[in-house]
1. Mind computing the radius of gyration and Dmax over the alpha-carbon atoms of region B:182-420? Å is fine for both.
2. Label points 7 Å out from Cα along the Cβ direction at C:His42 and A:Tyr310: separation in nm?
3. Give, to the nearest whole percent, the P(r) tail of chain D beyond 40 angstrom, counting all Cα pairs.
4. Test of the criteria: in region C:117-226, which GluC sites (Glu not before Pro) are in a DSSP loop and have at most 15 other Cβ atoms within 10 angstrom of their Cβ?
5. Between B:Glu321 and D:Ala329, what's the calculated FRET efficiency when r is the beta-carbon distance and R0 is 35 Å? Round to 0.05.
6. With the label 7 angstrom out along Cα to Cβ, how close does A:Arg315 come to the same site in each of the other copies, in nm, nearest first?
7. Between region B:354-396 and region D:97-111, what is the separation of their alpha carbon centroids in Å?
8. Count the lysine pairs in region B:267-353 whose Cα atoms lie under 26 Å apart, taking only pairs 8 or more positions apart in sequence or on different chains.
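Every number here is computed from the coordinates shown, using simple stated rules; none is lab data. Just so you know, these numbers come straight off a predicted model, no measurement behind them. Glycine also receives a Cβ, built like all others from the backbone with ideal geometry; neighbour counts cover every protein chain displayed.
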Amino acid sequence: MKDRSTITENHYVLVRLPSAGMKVVELRKGGNIALGKFGAFNVDDVLGYTYGQSFEIIDNDKLRPIKSLSEEVEMKEESSEDVEAEGDEEIIKDRLIKMLSNSSENNQNIINIGSKIQKLTNEEIDELKKSGATSNIGQLIIQKMIEGHEGFDKKTIFSQQKYLKRKQEKFLRRFTIDYLGSSQMLQYYLEKDSSKLLDMSEETLGSLMTYSNVKPGGKYLLIDETGGVILYSMLERMNCEGTVVLIHENEHANYSALKHSNLSDDLIRSKVKMINWLQILEPENEKIDFQSFSEAELNEMKAPKRSQYYRRQKRANDINEVIEMVQQGNFDAFISITTLDPTTYLPFVIPKVGGSRPITVYSQFKETLLQTQHFLSSDKRILAPSIFETRVRPYQTIPGRIHPLMTMRGYGGYIMVGTRVFPKESVQAVGRGM
Amino acid sequence: MKDRSTITENHYVLVRLPSAGMKVVELRKGGNIALGKFGAFNVDDVLGYTYGQSFEIIDNDKLRPIKSLSEEVEMKEESSEDVEAEGDEEIIKDRLIKMLSNSSENNQNIINIGSKIQKLTNEEIDELKKSGATSNIGQLIIQKMIEGHEGFDKKTIFSQQKYLKRKQEKFLRRFTIDYLGSSQMLQYYLEKDSSKLLDMSEETLGSLMTYSNVKPGGKYLLIDETGGVILYSMLERMNCEGTVVLIHENEHANYSALKHSNLSDDLIRSKVKMINWLQILEPENEKIDFQSFSEAELNEMKAPKRSQYYRRQKRANDINEVIEMVQQGNFDAFISITTLDPTTYLPFVIPKVGGSRPITVYSQFKETLLQTQHFLSSDKRILAPSIFETRVRPYQTIPGRIHPLMTMRGYGGYIMVGTRVFPKESVQAVGRGM
Amino acid sequence: MSFFSYKDVIEEGDLVLAFISRTDTKPITVTKGQILNTRFGHFKHEDMVGLKYGEQMEGAKGYGFIHLLHPTPELWTLSLPHRTQIVYTHDSAYIMQRLNVISGTRVIEAGTGSASFTHSFARTVGAAGRVFTYEFHEPRYIEAKKELEEHGLTTNTLITHRDVCEGGFEIANIPANFVSKNGGIDADMVFLDLPSPWTAITQLDSVMSKTSKVGVCCFSPCIEQVQKTVEALQEHGWINIELVEVSGRRWEARKDMIRDMGDVVKRLKDIQSRRGKGIETRKRGYLANGKRQLEEETDDSDSGVNKLPNTGKGFNPFGRGERVKEGDANYTWRNVTKVESEIKTHTSYLTFAIRLPC
Amino acid sequence: MSFFSYKDVIEEGDLVLAFISRTDTKPITVTKGQILNTRFGHFKHEDMVGLKYGEQMEGAKGYGFIHLLHPTPELWTLSLPHRTQIVYTHDSAYIMQRLNVISGTRVIEAGTGSASFTHSFARTVGAAGRVFTYEFHEPRYIEAKKELEEHGLTTNTLITHRDVCEGGFEIANIPANFVSKNGGIDADMVFLDLPSPWTAITQLDSVMSKTSKVGVCCFSPCIEQVQKTVEALQEHGWINIELVEVSGRRWEARKDMIRDMGDVVKRLKDIQSRRGKGIETRKRGYLANGKRQLEEETDDSDSGVNKLPNTGKGFNPFGRGERVKEGDANYTWRNVTKVESEIKTHTSYLTFAIRLPC
């Protein structure tokens, strides 16, 4: 099993930036990784730390491990570089004043802060800076405001958040190296372009995995239109024991997310089987009738031809194997994340699922699942389908100022869950049986 | 304007019971009002108090005004009735133990409490009872548990709530007299049978009134399938200045809720006009061409015949007046709460609404409004329709144990809001104009 | 133009809310010679005079349009020029309904803030009611006062420059038409949007109604404020203390393409047959009896969806890949609702309570 | 039967979850001679032997049916015989995903409670992972231990009778196959469902992984507990502290009757014409030229909807009044989603944090 504890060379990892931005990078030994305005770092300086470790870029791409991205910044050692430092102070003061008076166009309340800051002497700013260094100035000013003045009231919470966030982005040169698990990959893609994940949230992914009862050793049938993020999540939970048959609608399945999973191609090939819809619908037609050559015939072949023969033989075997596997059915779950209309494919999939095993269908839209549930209501092979919606609401946890975050992503998706059962023609309902 | 401050005879009022149950009663002077297991009270004893006042039934229907339903119960004066009191204590202890051990079937944690209570001596129970009287025993025991023992953990919150509620129901003989405003009437009907209100919640009613911009002096077109609760809410906000034209689909409009509104029939008749769909669709056909008689002819009539003539004349005038009012249109809002499909009636209603005035349509189901919004998307007469959902989440506010209530009613409804505008044929959009 | 009643035709000097898009409404006072510039063209104020409220107006150059809307407190809230944090309509509508603010109610509001909720209160209590609003912050007070005057709301609304936590709510020289028949402010309803409502709660006694139930709503973003507020309310004789949160969602009707698995299969077959023809001559030795012939191996790349020509209606299921216009009649669609991409998950906690006269 | 993998055919001694209705699932251990009695008939255990999991089973008397389901932690949670408050699936699923509980994870759980979440943990961490669960309350501990044994979960799950707030998490004689390769408990993930998690947080150091990031989730219903927990976590070196709430909703597909206003008008006309005929002879003097004649006044009662005979398909729009069966082919219907009539609005606050090895 791959190392999930220690930051290891040649792994793809998630780099979290103070801006809440994320990057996926490969840690090549000796490499240097650029983080844009946040600076750059040398790969060798992070290897061996625990995943989750945060660092601060000090100078010349040098790193200092820190407790967390939001740890209070320690005094800078640049006090020797007097001119620059003084210049910095001026710049910071200017920037603060400008930032705050700009804000005041949109938020009258912040006028208070603006004028307060304008009244700060250079010494005071220096003190503020010393007591917490640049990146903490904002926090400290706000702290002072809160303590001393009721004008800094809740009206400015939006501004505070915006302000603090902006400060962190501007002044912090920090990052965290996180293990790139399925949750992190989901977060990364959501941040880049949530439509690629059909807007699926982390909580909905969790529900999907749990209701699908994904576990080591299972045999699953999957449609994954997210480029493999769901597949990755399943492989994590399966510990790469068992099989996933991935249904795709093109010539080849797209599971590009696995490129960053640190799983070897061999492992993926042995656990993940691909099949397209045509192969599911017309299995006998789509099987490859591979004509074997005899030992003698093969010996007569030239080497390149022979290796081509073996390659084709393997491919034929692979295709036939997965087609037969689906023909056999008895999958431990069917899981679907696609923009295809479920009512058009479910009739072909339901027979493939084993008794008492779950069928879970994700959609961005409740209306799609509504239609699907109605479609299934006359199909006695799916017991008690329901539509679930899970939403997580995060809080700000600054003690003394605890409240739910003001805004969050609206989308997250819905899942329909049902259980595959074997109806009996003969049964006679009594009362309402369902 | 009617008195909304003081509990007044002949008013319909809302009686709130500790069980969270509600009753609507008329306060007839000299009357006696029975509250079932909670006892009964004499109307005269509550007159003159402020609306919102709570009372405790002491003995022989006698009342004691109390601060609130949840005020700590004072020592009972029944200590003289020793036998009964002692008996009571035993009964209470038994009841508590039984209640708690019953609960323990469903909730293991509460076993702790059960055994604790079983260990309480009569003296301790007596003390508990003295310190807070019967109805508070539960609260005190729980208090003690919390203070002294971690076994009383969050697992029992469901039980606590259930327990406390049951205790209050069983032991409290208290009630509150509330003014019967539209919110109270809504709460009352929701409690009885929410389907009669098409599941509309109080927060959705609030949104409906606000987005419809209901205010004194307005002229409104309304479909109200709730039996008049919405109409009542509008009349409250209008202070009975202005007009509501109530569209109905039967021979007569149903606004039975107004019976309890304490508004006089004359007032209602002068402010609320009824019209049915046929009269809206075929106004000229439905107008009454009343043939007037001359003064001389009337004088020749016998008295009963003449009064019948006048009655009919008035009725004809009323009908013609409301038909003409709708023909004129320029209503200040159209508001709809009905199970009729909005796409079937909106085409007839939209032209009746004045420029820049709101159109608000309520439905129990978002899907109905989804269809409606799509239906309107090609109708340039309705600007920027949107579907709104408002949900209120109440908290338990016992200090030290603040948390949202564990469960609440799931339904509440949705509203679609749009603005009536006058499109211009000639305009040429540039970019995306909407 | 008035927030108290609708008028039909726009006149010089009227406040008009120019609806440019769902997220962009501009308030303008119709003034001869002035021009409203938008990204959809420019619009001369003088051309608005005589138009009806609600009318769609063409740009001065013959293209682009806006809608000329009549102000309401809620539209005004959305079009506030310099927007501070405001009480959103989901919250304000519930507060009004729950505390029974209707025509005739006497309201205390502190602080005024952007005066957006003040507008709603003024509209709802009408000529028979009164609104007493207090603002501590001077520039905000000055701006709100000006706005209330311009909007004709000072007939029932009195704004006071005051830190109510220090100075309380009593007003020395209440204008005669603001004095209650019971004397003084005599409020039925109190709305406290302050950082420390618990300091204001102690000051309310003298300005509340002595004859009827009074409702209060404290509007606080943080739970710690709520905790202190609940304590203060309990200490000062308020009952029925209840904390709630209001969540509001806005949904849009949209269309989502219905992609049929049958089309996928047709497409796969089409690929096979086209490929089959191309390679027929190259294939030897591995042919099968009636079954599919082995395809040429292609690069097993992860590059994903292959781009293929659209072969007609219902046949190309790649809605996302090809930027098909939503609702395009060449495809089938499902009506769906979509919530805003960013939703408001929290505005403030609302702590309600009532008090009866002693 | 095992929570670790599915089997296909029911054997004697297997745990079967008998699905009776959406709200009623009964766990039974298939035992010769026993009978499951339900309101839909009774079912002999011995008849279940040899049936497939998922099979619909007829009642012994030839009517009624149940479905025989294979246990999963989630179905087990729903069918718990004596249900205490449990961690619902919406919460548990999110906790697992967020703290990356997967095959091989080493989990600490305190307290065990109904052992419902323990089942989920055991299933998810699989043979390569371990679950250390602690229960303070003795009867609950005994019941959970028995259940874990019966369910075959003790291969990867160790339950300890302990008040962790007092005694901490260390276990004196850990079975060899529960000892980590790094020694000891070596947990990657900690779940604290305790009334005062802050007292347990201080005890975790010695049992957490020294080589990798450790995640914690504290599950507390009240905000005051959260406040203390956040403080304790900060003091003890935990970082990335985040508080969330999980809300879960279950929706059902239903049908709502589409009532057409056109039908209402037809009906009103019908009433008029029938009434008109009846009163024609009584009418005199007030007739009008071609327009509607004046109807007889009827009692202006508020009694509401008049009951009228259903005059055929699409003509009677009274769905509510007449108890039409949902989906009745004589009417038109709209597909709608309906949420549960009572929803869970709060289970607990979830406080997450992580800690890195020192």
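1. 20.7, 83
2. 7.8
3. Every Cα pair in chain D considered, those over 40 Å come to 40 percent.
4. Within region C:117-226, the qualifying GluC sites (Glu not before Pro) (loop, at most 15 other Cβ atoms within 10 Å) are C:Glu170.
5. So the FRET efficiency works out to roughly 0.20.
6. Spelled out, the distances from A:Arg315's label point are 8.8 nm.
7. When both Cα centres are located, 44 Å separates them.
8. For region B:267-353, the number of qualifying lysine pairs is 12.
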